[in-house]
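Written below as structure tokens is the structure these notes are about.
The values are calculated or read from the model by the stated rules, or taken from the named source; none is laboratory data. It should be emphasised that the depicted structure is a prediction, and the values quoted were computed from it without experimental measurement. Cβ placement follows ideal geometry from the backbone for every residue including glycine, while neighbour counts extend to all protein chains displayed.
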Amino acid sequence: MITKSRFAPSPTGRLHLGHAWSALFSAQQARKQQGQFILRIEDIDHGRCRPEFIDGIYEDLEWLGLIWDTPVRKQSEHMVEYANAIHTLDALGVLYPCFCTRKDIQEEIDRSGAAPHGPEGALYPGTCRHLSDEVRTEKIAAGLPYALRLDVEKAMEHTRHTLTWRDQYQGEHEATPQILGDVVLARKGMMASYHLCVTLDDHLQGITLVTRGEDLLYATHLHRLLQHLLNLTVPEWAHHPLLLDSEGKRFAKRNNAMTLEFMRNDGKTPDDLIQTIWNSLPEHGPWRRLLIDL
């Protein structure tokens, strides 16, 4: 099978050093298998995404010397596909409307004193999970805003066997999406969440190897469940370590000194950038060796 990987940034700012590492890593994974490297623009957050940042993504990746297949898929142009996926999940009976605000959720967690926790913190306490159909209908008719959450317990009832997924560097995993609780899959003003969009896109684009940072390792458990519910193909994954700055914090878009635009204007070359990535990666493991082939 030909490896088909992708880099899928959100145009909410200029690309930084961590983005460069992810893009180079994904392109290298495809190149070593004589495969395809795909660029996807994840621009469903209409409040934060801007056209000039899309242009910046193209500019930065060209400076890195990367070549990607065209046309580039932009999520904002495929909302009907995400809506159809939501309808499919709703027909399975695994979604429910949640009327809680962030403040409501935090207050409920504080009151309970023992809210369930997952690897990413406190889980949604399930406040709206057991509302009656009558109450839900009344709230919707009253115009209350709501999100659609995945009832993970009901969703797991649709699995007849253990779901597994494989990471190229960490081996086989059993999918345990319960660790993330009842996540939001759609909300007002955004037809679908990251979790749903990225899972469906990877299937529709024929991605065989999903490369991304290890901060999304736990999300893969949920994505594997969504693949099962929506009858999607199951790729392999390759989660790479995040780059950390001198204070041990991950690089972010707010750190303008580490954007590719700043480095380029400061006279840095792609080789300088790769050296910086090398210095930021763990000494042990396969990660530095991957840069040698770039």
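Among (1) surrounded by fewer than 20 Cβ atoms within 10 Å (Cβ to Cβ); (2) of a type outside the set (Ser, Thr, Tyr); (3) assigned to a helix (DSSP H, G or I), where does Ile2 come up short?
All conditions are met except number (3).
Among (1) in the same structural domain as Leu144 (by TED's automatic domain parsing); (2) part of a loop (DSSP other than H, G, I, E, B), there is one condition Arg14 misses while meeting the rest; what is its number?
Result: Arg14 passes all but (1).
Any residue that is on the phi > 0 side of the Ramachandran plot and either touching an Asp or Glu at 6+ places or on another chain (Cβ under 9 Å) or in the same structural domain as Asp271 (by TED's automatic domain parsing) (or both) - is there at least one of those in the stretch 100-115? Steps first, answer last, please.
At the first step, the residues of the stretch 100-115 found to be on the phi > 0 side of the Ramachandran plot are 113.
In the following step, the residues that additionally are either touching an Asp or Glu at 6+ places or on another chain (Cβ under 9 Å) or in the same structural domain as Asp271 (by TED's automatic domain parsing) (or both) were identified as none.
Scanning the stretch 100-115, I find no residue that is on the phi > 0 side of the Ramachandran plot and either touching an Asp or Glu at 6+ places or on another chain (Cβ under 9 Å) or in the same structural domain as Asp271 (by TED's automatic domain parsing) (or both), so the answer is no.
Can we say Leu225 is farther than 22 Å from Phe37 by Cα, modelled with pLDDT of 95 or more and either in a helix (DSSP H, G or I) or aliphatic (A, V, I, L, M) (or both)?
Working: farther than 22 Å from Phe37 by Cα: yes; modelled with pLDDT of 95 or more: yes; either in a helix (DSSP H, G or I) or aliphatic (A, V, I, L, M) (or both): yes.
Yes: the conditions hold for Leu225.
Can you find even one residue in the stretch 253-267 that is within 24 Å of Arg160 (Cα to Cα), part of a helix (DSSP H, G or I) and over 14 Å from the mean Cα position of the chain (by Cα)?
no
For the stretch 232-286, give me each residue that is on the phi > 0 side of the Ramachandran plot and either in contact with a helix residue (DSSP H, G or I) (Cβ under 9 Å, 6 or more places away or on another chain) or modelled with pLDDT under 90 (or both).
Gly248, Gly285
How many residues does the stretch 83-101 contain that are free of Cβ contacts under 8 Å to residues at least 12 places away in the same chain and under 20 Å from Asp201 (Cβ atoms)?
Applying the first criterion (free of Cβ contacts under 8 Å to residues at least 12 places away in the same chain) to the stretch 83-101 yields 84, 87, 91, 101.
Cutting the leftovers down to under 20 Å from Asp201 (Cβ atoms) gives us 84, 87.
Residues meeting the conditions: 2.
Counting only residues that are over 20 Å from Asp271 (Cα atoms) and more than 19 Å from the chain's Cα centre (by Cα), which one in the stretch 23-49 is modelled with the highest pLDDT?
Let us first name the residues in the stretch 23-49 that are over 20 Å from Asp271 (Cα atoms), namely 30, 33-49.
Checking the rest, the ones that are also more than 19 Å from the chain's Cα centre (by Cα) come to 30, 33-36.
Working: Ala30: 92, Gln33: 83, Gln34: 85, Gly35: 92, Gln36: 95.
Ranking the candidates gives Gln36 first.
Only one of these is touching a strand residue (DSSP E or B) at 6+ places or on another chain (Cβ under 6 Å), within 30 Å of Pro51 (Cα to Cα) and among the hydrophobic types (A, V, I, L, M, F, W, C): Ile86, Ile109. Name it. Show your work before the answer.
Working: Ile109 fails: within 30 Å of Pro51 (Cα to Cα).
So the residue among Ile86, Ile109 that is touching a strand residue (DSSP E or B) at 6+ places or on another chain (Cβ under 6 Å), within 30 Å of Pro51 (Cα to Cα) and among the hydrophobic types (A, V, I, L, M, F, W, C) is Ile86.
Restricted to the stretch 17-44, and to residues that are in contact with a strand residue (DSSP E or B) (Cβ under 7 Å, 6 or more places away or on another chain) and assigned to a loop (DSSP other than H, G, I, E, B), which residue is surrounded by the fewest Cβ atoms within 10 Å (Cβ to Cβ)?
Across the stretch 17-44, the extreme among qualifying residues is Gly35.
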